[in-house]
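Reviewing the structure listed below.
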Amino acid sequence: MYRGLRIRIAKTNRNRLDLVDLARRQADHLGPAGISAKRNQTNERFLKKGFLRLAPLTRTQRRKVMARISNLGEPAIKMQPIKNPNPRPR
């Protein structure tokens, strides 16, 4: 089963796009899997949708990214694990 991570930015006095970029860069530390997980997650897409989606990630990769983002110490970055970001049509 594919797993992913949804990242939202709460209201803050800091630049929201800087915080998105900071959170998105944490996926780079997973190597090729993290780089492919953040594919097509641009600033324009964030402004349109309101969140970023990092998928597909394994359970271990998702935990590593969540730990790295929480260690940033920025309370405006909200994370939500998602179980199946790309469900198959029935």
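Values in this text are rule-based calculations from the coordinates and carry no lab data. None of the values given here were measured: they were computed from a predicted structure. All Cβ positions, even for glycine, are placed from backbone atoms using ideal geometry, and neighbour counts span all protein chains on display.
Computed values, structure above
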{"read-out": "Whole-angstrom gap from region 36-90 to region 1-23, using each part's C-alpha centre", "value": "8 Å"}
{"read-out": "Order by protection proxy (mean Cβ within 10 Å, highest first), peptides 54-63, 37-46", "value": "54-63, 37-46"}
{"read-out": "Reported label for calculated log10 I(q)/I(0) by the Debye sum over Cα atoms at q = 0.15, 0.18, 0.24, 0.25 Å⁻¹ given [x] -0.82, -0.91, -1.06, -1.08; [y] -0.93, -1.07, -1.19, -1.20; [z] -0.51, -0.74, -1.29, -1.38", "value": "[z]"}
{"read-out": "Neighbour-count ranking [beta-carbon atoms within 10 angstrom, fewest first] of D18, D28", "value": "D18, D28"}
{"read-out": "Helix 16-25 axis, angle to the chain major axis (alpha carbon atoms, nearest 10°)", "value": "40 degrees"}
{"read-out": "Which of I7, I82 has the fewest Cβ neighbours within 10 Å, and the rest in rising order", "value": "I82, I7"}
{"read-out": "Angle between the chain longest axis and helix 59-70 axis [Cα atoms, degrees, rounded to 10]", "value": "0 degrees"}
